[in-house]
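Asks: Below is the structure I would like to discuss, written out as structure tokens.
Throughout, read-outs are computed from the coordinates displayed, never taken from laboratory work. Model, not experiment: these values are computed from the prediction. Counting neighbours? That spans all protein chains shown, and the Cβs are built from the backbone with ideal geometry, glycine included.
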Amino acid sequence: MTDDNSSDSLVDQIHERVSGVLDDVDRDDVEAQVESFTEYSGVPDDEIERGVLSNIAAEHGIERDAFYNGGGGSSDGDDEYTIAELQDLRDELEESGEDKWISVEVTFDEEWDANHDSIAQTGLVGDDTGRTKITVWENSDCDELEEGVSYRIENATTNLYNGDVNISTTPNTTIEALDDSIEVNDDANTRVIEGAFVSIQSGSGLIERCPTDDCTRVLQNRVCSEHGKQSEVEDDLRIKATLDDGDHAYDVLFNAEMTEELTGIGMDDAFTIAEDALDKDAVADEMEGDLVGRYFRVEGPEIGNFLLVDEFEAVTDSPVDEERDLMAAANEVTF
Amino acid sequence: MAAENDAREAAKRVFAAELNDSTHEFKQSDGEMAPNYVLLRSGEKANRVFFIGTLTDKENVGSDSDFWRARVRDPTGTFYLSAGQYQPEAAATLQSIDSAPAYVAVVGKPDPYEGSEGDMMMSVQPESITVLHGEGDDDDAKASVEELVSRWGEEAAEATLERLQSDLPEDLEDEWEAAGYSDPTGVKEHLVAALEELGADSESKTPAEA
């Protein structure tokens, strides 16, 4: 039997999972689905989740697997093995969807601001197969990584969260600087996409993250899908947007620094906007007003299901190749 | 693992004249939530459209609840928007605009319906309406938005041309039969007219760097 509290958090959990893949399923839809299951007594939560996800996937014509990105970590030291390359890591995780204990030799390629008290450092590490995200937790007590230096990292965990490949340190992790320099191929999974912003997705603007150690999940109504309702939060700024070129819709992500560069709105400005409107959502609304309908070219690594924007520029030049005479071509069209 | 969101339909660039004529509606899979498409006269399916144009009129025609109608003009004709209780954001935007005219960017779903005389009409259900404000002082701001408007026009022209030049996708052959559309001469004519208008617009501005 599920009581109201655990039912609510089940709905949140499922909704969070769905929102990572579909942007037009709201919480009420999920709640209605969950309720239809809870009317049948004796169905456990994980069965409900599976059933609801299956229904939603079928309704949207997508594979149910799209929702399954692995859950919490399993820490059995005997499972440790060395991944030859980051690409192997991605392939492994895509197939099994599980967390693994791994060792890698990589270069710390790019450091990002760590906007969370429990995080010591974050950024991108890379080897010749590409780059991926790393999170060094405060409680792992690791030596500080330096940009451009190569390291052997042992006993780290990895997970696919929201399609994001993330190497995470643990208190068992050891990091050793290497004499050799591992060359980073930052083109391997870098992409350039050009299009118009057609939507600013939920979870953009001034967002709240779970303050629990080792968790940075974005909260929905102050609820963490893993840790439940939070009274304290860690604030952050980001934009999850859909860039559309008429042929495809692309998911692109701007972190706090990039968001400020793009919109001119940094954390302080964001707080001012939120305070004036008495609503944190006002930040995303303002950003939306400045971005939707505008053309941009963005560039960055594809990490999971998003392009993580490193560089961008507003596009103002003509979309048509100068050489091309559209008028002549149009007149020549026959059926 | 890639940035493409395969679960979300791309926003097609279509001119108003073509969209208003493309009223044949269909689905490609079963299920209540499977996407609805219209068959464009230029030979492609569209579930979502994106356009930039001039809002020329808006009116709240609802009685008990808000129901907004709005008209957005492009180089070939007019898009007719309807925003009611299921498009709250768009309705709120329309409400907040002091008055037409205004340059707007719209992302929305084509929604054909049967008119009072039994003929098929096209309405657009906006997912978002964004008023385009320029940056800087008045003249610069106006110029920058006008650049955006004509950029969309060129994009739509190029996309339309490509659809006309390409073969009909195999998966749409049955629907094309069912739609009973004639050859897209109309689309070609509107395209040429749009290109003329876009060409005339750019001539009246300072020529761009080669």
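Asks: Using 1/(1 + (r/R0)^6) with R0 = 35 angstrom and r between the beta carbons of B:GLN95 and A:ASP186, what's the FRET efficiency to the nearest 0.05?
Replies: Details: r = 47 Å, r/R0 = 1.34.
Calculated transfer efficiency: 0.15.
Asks: Taking the Cα centre of the range A:83-220 as the origin, how large is its charge dipole in debye, to the nearest 20, when only Lys and Arg (+1) and Asp and Glu (-1) carry charge on their Cβ atoms?
Replies: Numbers: 8 positive and 34 negative charges, 151 e Å.
Using Cβ point charges on Lys, Arg, Asp and Glu, the range A:83-220 gives about 720 debye.
Asks: Also: Is the shape of chain B rounded, prolate or oblate, going by the alpha carbon gyration tensor and its root eigenvalues a ≥ b ≥ c, with a/c under 1.5 for rounded and a/b larger than b/c for prolate?
Replies: Numbers: a/c = 1.65, a/b = 1.17, b/c = 1.41.
Note, shape of chain B comes out oblate.
Asks: Sequence gap at least 6, Cα distance under 8 Å: using those rules, report the relative contact order of chain A to the nearest whole percent. Let's see the in-between values first.
Replies: Numbers: 637 pairs, mean separation 43.9, N = 335.
This gives 13 percent for chain A.
Asks: Taking amide H atoms as placed 1.01 Å from N in the peptide plane, list the residues 5 or more away in sequence, or in a different chain, whose amide H sits under 5 Å from that of B:ALA100.
Replies: Under 5 Å from the amide H of B:ALA100 lie the amide H atoms of B:LYS58, each far enough along the sequence or on another chain.
Asks: Return one quarter of the surface area of the convex hull spanned by the alpha-carbon atoms of the range A:114-167, equal to its mean projected area, in nm². Before the final figure, lay out the partial values.
Replies: Details: hull surface 17.1 nm².
Mean projected area of the Cα convex hull: 4.3 nm².
Asks: Would you mind ranking B:THR78, A:THR132 by Cβ crowding within 10 Å, fewest neighbours first?
Replies: Working: B:THR78 17, A:THR132 25.
Going from sparsest to densest Cβ surroundings: B:THR78, A:THR132.
Asks: Between their Cα atoms, which of A:LYS229/A:LYS280; A:LYS133/A:LYS229; A:LYS240/A:LYS280; A:LYS133/A:LYS240; A:LYS240/B:LYS142 are more than 20 Å away from each other? All intermediate terms of the calculation are to be shown ahead of the outcome.
Replies: On the way: A:LYS229/A:LYS280 18 Å; A:LYS133/A:LYS229 27 Å; A:LYS240/A:LYS280 16 Å; A:LYS133/A:LYS240 17 Å; A:LYS240/B:LYS142 28 Å.
The answer is A:LYS133/A:LYS229; A:LYS240/B:LYS142.
Asks: Quick check on chain B: helices-only [θ] at 222 nm, where DSSP H runs of length 4 and up contribute -39,500 (n - 2.57) each and the sum goes over total residues. Nearest 500, please. Provide the component values of the computation, followed by the final result.
Replies: On the way: 5 runs with 69 residues, N = 210.
Calculated mean residue ellipticity at 222 nm is -10500 deg cm²/dmol.
Asks: Taking the Cα centre of the range B:76-153 as origin and charging only Cβ (+1 Lys, Arg; -1 Asp, Glu), how large is the dipole, in debye to the nearest 20?
Replies: Numbers: 3 positive and 14 negative charges, 52 e Å.
For the range B:76-153, the charge dipole is close to 260 debye.
Asks: Check which residues have an amide H placed less than 5 Å from A:ILE167's amide H, if you skip close sequence neighbours.
Replies: Excluding prolines and chain starts, which carry no amide H, the hits are A:LYS133, A:ILE134, A:THR135.
Asks: Please compute the net charge surrounding B:ASP167, taking Lys and Arg as +1 and Asp and Glu as -1 over other residues with Cβ under 13 Å from its Cβ. Display every interim value, and only then the final one.
Replies: Values: positive: B:ARG163; negative: B:GLU44, B:GLU162, B:GLU170, B:ASP171, B:GLU173.
Result for the local shell: -4.
Asks: I would also like to ask the following. How much mean residue ellipticity at 222 nm does chain A get from its helices, if each DSSP H run of length 4 or more adds -39500 (n - 2.57) and you divide by all residues, to the nearest 500 deg cm²/dmol?
Replies: About -8500 deg cm²/dmol.
Asks: To the nearest 0.05, what FRET efficiency results for A:ASP24 and A:MET327 with a Förster distance of 35 Å applied to their C-beta separation? If you can, show how the numbers build up before the last one.
Replies: Values: r = 39 Å, r/R0 = 1.11.
Computed FRET efficiency for A:ASP24 and A:MET327 comes out at 0.35.
Asks: While we're looking at this one, here's another question. Does the range A:188-275 come out rounded, prolate or oblate by the C-alpha gyration tensor, with a ≥ b ≥ c the root eigenvalues, rounded set by a/c under 1.5 and, if not, prolate when a/b is larger than b/c and oblate if not?
Replies: On the way: a/c = 2.20, a/b = 1.59, b/c = 1.38.
It comes out prolate by the Cα gyration axes.
Asks: Given R₀ = 25 Å, FRET efficiency for B:ASP57-A:VAL315 by Cβ-Cβ distance, to 0.05?
Replies: Numbers: r = 30 Å, r/R0 = 1.21.
The formula returns an efficiency of 0.25 here.
Asks: Kindly state, as a whole number, the per residue volume in cubic angstrom of the convex hull around the alpha carbon atoms of the protein assembly as shown. Walk me through the numbers on the way to the answer.
Replies: Working: hull volume 103.3 nm³, N = 545.
Dividing the Cα hull volume of the protein assembly as shown by its residues yields 190 Å³.
Asks: Exposure proxy check: B:LYS109, B:LYS142, A:LYS240 ranked by fewest other beta carbons within 10 Å? Can you show the working numbers first?
Replies: Values: B:LYS109 20, B:LYS142 13, A:LYS240 23.
Ordered from fewest to most neighbouring Cβ atoms within 10 Å, B:LYS109, B:LYS142, A:LYS240 come out as B:LYS142, B:LYS109, A:LYS240.
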